[in-house]
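Reviewing the structure listed below.
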Amino acid sequence: MAERIDIVSPVDGRIYASRPLAGDAELDAALKRARAAQAEWRHVPVAGRGRFMLAMLDAMLAMKDEIVPELAWQMGRPVRYGGEFGGFEERLRWCVDNAEAALAPIEATDRPGFRRYIRREPAGLVFVIAPWNYPYLTAVNTIVPALLSGSAVLLKHASQTLLVGERFQAAFDRAGLAAGLFQNLVLSHRQAERMIAAGLVDHVNFTGSVAGGRAIERAAAGTFTTLGLELGGKDPAYVRADAAIGHAVENLVDGAFYNSGQCCCGIERIYVHEKVFREFVDGFVDLTRRYVLGDPLDEATTLGPMARASGAEFVREQTRAAVRSGATARIDPAAFDRERPGSAYCAPQVLTRVNHQMWVMRDESFGPVVGIMKVHDDEEAIGLMNHSQYGLTASIWTRDADTAARIGDRVETGTVYMNRCDYLDPALAWTGVKNTGRGASLSRIGFEMLTRPKSFHLRETI
């Protein structure tokens with residue numbers, strides 16, 4: 001019997017769906033189809049490619065009522081949040097609207113008698129390895145600009161959200177995209193690594209753990225395959241004394257606990273100026289206690305289960321270790337009916353009296369726990385924000401935009417926010433520093449990551 005991948009639902013612990021792994025012959029055929037299709041697709045004008053992307057969007061939106069509960073069953077996000085369609089549509093439309101400008105040749109016109117320009121060539125075959133936490137949003141970040149750029153795409157979706165890959169395939173098929181240009185494949189990690197190591201693809205985009213990113217780099221070694229890696233995060237927020245505290249509380253609670261804290265750019269540590277520390281913490285704890293931990297298929301639920309029980313237990317152990325080291329847990333898990341040790345249902349937790357000797361303030365939690373530290377001034381906050389192996393986003397809460405920009409210049413991160421967090425602007429590059437990875441998606445720079453430059457130097461007169 002062929003190997004299979006099972007989706008174990010965090011809702012009830014049962015197998016929600018099961019799919020067989022692709023065999024070697026199926027994978028070989030997919031690669032040949034992709035190469036053949038891409039050879040023709042690269043000559044289709046950008047505007048023509050864009051029409052297929054918009055048709056795919058229409059097909060995906062038509063499936064919304066099926067996708068939202070399906071996503072809840074796969075990874076636990078409450079149905080009240082309506083899936084990922086707002087961000088999905090925003091990013092796709094931005095890419096379509098801006099593709100021609102982003103992919104236009106770069107002209108050098110300062111030398112009479114010569115035509116000189118740089119053309120952007122498609123990468124060729126782009127392999128997307130997508131995660132389960134934002135399974136539509138993270139995938140669309142690369143799939144759509146890669147296709148718009150003239151490449152073909154192979155998608156390996158996370159085992160927890162295999163059905164998302166099937167939805168992408170169905171949407172592209174309904175849009176009439178030529179066979180082979182987009183293909184969803186059910187692969188194991190071992191199969192993916194072998195494909196990369198054999199140099200069978202031209203670019204790999206991976207979103208996942210640092211360990212996973214290192215495995216991708218090892219597999220690609222010596223092949224000269226280009227890589228885009230979005231890995232871990234431990235994103236900080238700094239609440240200055242002049243912040244609008246109510247606004248900061250409301251948005252940072254959401255930034256910490258939306259999607260049960262399973263966000264690459266979720267807020268995992270907060271530094272608060274001593275003058276407003278007590279007011280902020282009191283408001284933060286009060287709002288956190290209002291969350292409803294429950295069945296994600298219930299419209300009343302605001303906090304669903306984590307995708308895996310092992311992830312929830314990791315968060316509980318981080319919390320226990322912090323408390324043993326002197327932290328104060330401000331939330332009683334017993335106040336949340338669904339909280340059960342060993343289950344995927346994990347109550348939100350707010351920790352104070354924390355420090356950077358504690359595991360919870362250093363290592364990625366990827367769950368509903370946040371530590372809040374008191375700081376004396378901007379200098380202390382900057383030092384603590386930078387005291388991390390990660391650097392995806394950082395948010396600064398203040399009424400002074402100049403100060404936010406000044407602080408942001410010194411924070412080691414890919415994105416600086418002021419008075420907001422946990423949002424991707426498709427016009428800006430999504431990137432990181434340190435162990436958060438390499439490369440960028442979205443914005444015009446995202447298109448550059450998925451193309452290669454080809455220079456033309458044409459002498460018109462002799």
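Below is a table of values for the structure above.
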item	result
Residue list for the range 82-105, restricted to those being under 12 Å from Tyr136 (Cα atoms), part of a helix (DSSP H, G or I), touching a Phe, Trp or Tyr at 6+ places or on another chain (Cβ under 9 Å) and of a type in the set (Gly, Ala, Ser)	Gly87
Odd one out for Glu299, checked against (1) in contact with a Phe, Trp or Tyr (Cβ under 8 Å, 6 or more places away or on another chain); (2) modelled with pLDDT of 95 or more	(1)
Unique residue being out of contact with any Asp or Glu (no Cβ under 8 Å at 6 or more places or on another chain), under 26 Å from Ala220 (Cα atoms) and not in a helix (DSSP H, G or I) when the list is Val140, Val153	Val153
Filtered residue count, the range 219-237, keeping only those that are closer than 28 Å to Arg77 by Cβ and more than 19 Å from the chain's Cα centre (by Cα)	0
Matching entry among Asp378, Asp337, Asp363 (being closer than 23 Å to Pro10 by Cβ and at pLDDT 95 or above)	Asp363
Some residue of the range 116-123 being assigned to a helix (DSSP H, G or I) and either over 21 Å from Ser209 (Cβ atoms) or at pLDDT 95 or above (or both)	no
Residues being crowded, with 24+ Cβ neighbours inside 10 Å and either among the acidic types (Asp, Glu) or over 22 Å from the mean Cα position of the chain (by Cα) (or both) - total across the range 244-270	2
Within the range 399-444, tally of residues that are surrounded by fewer than 16 Cβ atoms within 10 Å (Cβ to Cβ), more than 17 Å from the chain's Cα centre (by Cα) and free of Cβ contacts under 8 Å to residues at least 60 places away in the same chain	6
Unique residue being without any contact (Cβ under 8 Å) to a residue 12 or more places away in the chain, of a type outside the set (Lys, Arg) and either touching a strand residue (DSSP E or B) at 6+ places or on another chain (Cβ under 9 Å) or closer than 22 Å to Phe456 by Cα (or both) when the list is Pro122, Pro131, Pro112, Pro135	Pro112
Residue list for the range 194-212, filter: surrounded by fewer than 22 Cβ atoms within 10 Å (Cβ to Cβ) and either within 21 Å of the chain's Cα centre (by Cα) or of a type in the set (Ser, Thr, Tyr) (or both)	Ser209, Val210, Ala211, Gly212
Selection from the range 367-386 of residues that are in contact with a helix residue (DSSP H, G or I) (Cβ under 9 Å, 6 or more places away or on another chain), within 24 Å of Arg438 (Cα to Cα) and either surrounded by fewer than 24 Cβ atoms within 10 Å (Cβ to Cβ) or without any contact (Cβ under 8 Å) to a residue 40 or more places away in the chain (or both)	Ile382, Leu384, Asn386
Close pairs from the range 2-21: first more than 13 Å from Ser159 (Cβ to Cβ), partner outside any loop (DSSP other than H, G, I, E, B), Cβ under 6 Å, at least 6 apart	Ala2/Pro20; Val11/Trp73
Residue, nearest to Lys234 (Cα to Cα), within the range 320-361, restricted to residues that are buried (at least 17 other Cβ atoms within 10 Å of the Cβ) and among the basic types (Lys, Arg)	Arg353
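The values are calculated or read from the model by the stated rules, or taken from the named source; none is laboratory data. From a predicted model like this one, the values you see are computed outputs, not experimental measurements. When we count neighbours, we look across all protein chains shown, and the Cβ atoms used for this are built from the backbone with ideal geometry, even at glycine.
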